[in-house]
1. Please build a GNM for the chain, connecting alpha carbons under 10 Å apart, and tell me which residue among Thr104, Thr176, Thr155 fluctuates the most.
2. Can you give me the relative contact order of the chain as a percent, contacts being Cα pairs under 8 Å and 6 or more apart?
3. Putting +1 on Lys and Arg Cβ atoms and -1 on Asp and Glu Cβ atoms, find which of Phe16, Ile41, Met1 reaches farthest to the positive end of the dipole of the range 1-47.
4. Quick check: residue separation of Thr185 and Arg159 times 0.36 nm, minus the Cα distance between them. What number comes out in nm?
5. Once you sort the root eigenvalues of the Cα gyration tensor of the range 54-139 as a ≥ b ≥ c, which label holds: rounded (a/c under 1.5), prolate (a/b larger than b/c) or oblate (the other case)?
6. To the nearest µm²/s, what D does Stokes-Einstein give for the chain at 4 °C and 1.567 mPa s, using the Kirkwood radius over alpha carbon pairs as Rh?
7. Which one, Val87, Tyr174, Pro52, projects farthest toward the positive side of the charge dipole computed for the chain from Cβ point charges (K/R +1, D/E -1)?
8. What's the magnitude of the charge dipole for the chain around its Cα centre, counting Lys and Arg as +1 and Asp and Glu as -1 at the beta-carbon? Answer in Debye, nearest 20.
Amino acid sequence: MQQKDIFLASEADAWFERNHQACLERDFANDDLVARIVARIVSRVSLHGGGPIKLLEIGCGEGRRLEWLAKNFNIEVYGIEPSAKAVEQACSRGVKAQRGTADTLPFETASFDIVVFGFCLYLCDRQDLFRIACEADRVLKPKAWVIINDFFSSTPMKREYHHKSGMYSYKMDYRTIFDWHPAYTCYEHKLTSHSLGDLIDDPQEWVAISLLRKVTTSNE
């Protein structure tokens, strides 16, 4: 059984229960790196024709980040999340959330200005990474942005997932599933720790936030 099937069956809801209180305590105005980057992108309205920016968060949880972004910026927010309980919470907050996984996105081609991977890739099946990148690329507009927030390792690492026997977490440089392609350029890559600190020597604690730009033309 693939990890995504385990998550859809039970572990995604278990993750929601473990982390619900911590999610309620997040201060998105001050301590959320993804929200800061989105705010900077939104300020460049000339890149988007002046209309509402459409943003998809993959692994949106209960949608609190998306709710905050929608309230503070001219953004239409959408989410994909394997936890049925989290999706119910997200929808109650006005987020257009659906239950699903990153390898199959139920959206039209060239729908989004921004796609956010919200700390989910480290639990995705390795055989799905090409498909995940392909799906994200498909739903992104010809000029768009990708934000990846996840565990980081310069050399791919595999560890047992301590919440569920038989599952694993994977650390790597997740920029590489996109930036090998000439349409994608990494604008920023910041190494922090899981507790939002920096200058951490322990590679087990490394987390990265990466901003990539997609620019394609009709003759590519």
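1. Thr155
2. Values: 405 pairs, mean separation 36.4, N = 220.
Computed value for the chain: 17 percent relative contact order.
3. Ile41
4. Numbers: separation 26, 0.36 × 26 = 9.36 nm, distance 2.94 nm.
Here the answer is 6.4 nm.
5. Working: a/c = 2.01, a/b = 1.35, b/c = 1.48.
Oblate is the answer for the range 54-139, as a/c is 1.5 or above yet b/c matches or exceeds a/b.
6. Details: Rh = 17.7 Å.
The estimated diffusion coefficient comes to 73 µm²/s.
7. Pro52
8. Details: 27 positive and 31 negative charges, 110 e Å.
Roughly 540 debye for the chain.
The values are calculated or read from the model by the stated rules, or taken from the named source; none is laboratory data. No experiment lies behind these values; they were computed from the predicted model shown. Cβ: placed from backbone, ideal geometry, glycine included. Neighbour counts: every protein chain shown. Ligands, DNA and RNA are excluded from the accessible area calculation, which covers all protein heavy atoms including side chains. Shrake-Rupley method; radii C 1.70, N 1.55, O 1.52, S 1.80 Å.
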